[in-house]
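The values are calculated or read from the model by the stated rules, or taken from the named source; none is laboratory data. None of the values given here were measured: they were computed from a predicted structure. Note that we place each Cβ from the backbone using ideal geometry, even for glycine, and neighbour counts take in every protein chain shown.
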Amino acid sequence: MDVLVGREPFLHDSRQVLKMCKNKQIHGYLAAHTITNLFYYESPRGQARGAG
């Protein structure tokens, strides 16, 4: 999620984790609430509050 919303200071490390998942070096998992959080961050209300 940090990569998708460009959230610092976690962006660099999150990108590394995603690259490792893509290269099948590790297995990645998402929490169920990640989907709803992304929806909120990208919604007009979330953006108005500075979430996105």
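Odds and ends about this structure:
- Test result for residue 15, of a type outside the set (Val, Ile, Thr) and under 11 Å from the mean Cα position of the chain (by Cα): yes
- Among the residues of the stretch 1-23, the ones that are part of a helix (DSSP H, G or I) and among the small types (Gly, Ala, Ser) come to 1 in all.
- The stretch 24-47, subset assigned to a helix (DSSP H, G or I) and loosely packed, with under 13 Cβ neighbours inside 10 Å, residue modelled with the lowest pLDDT: 47
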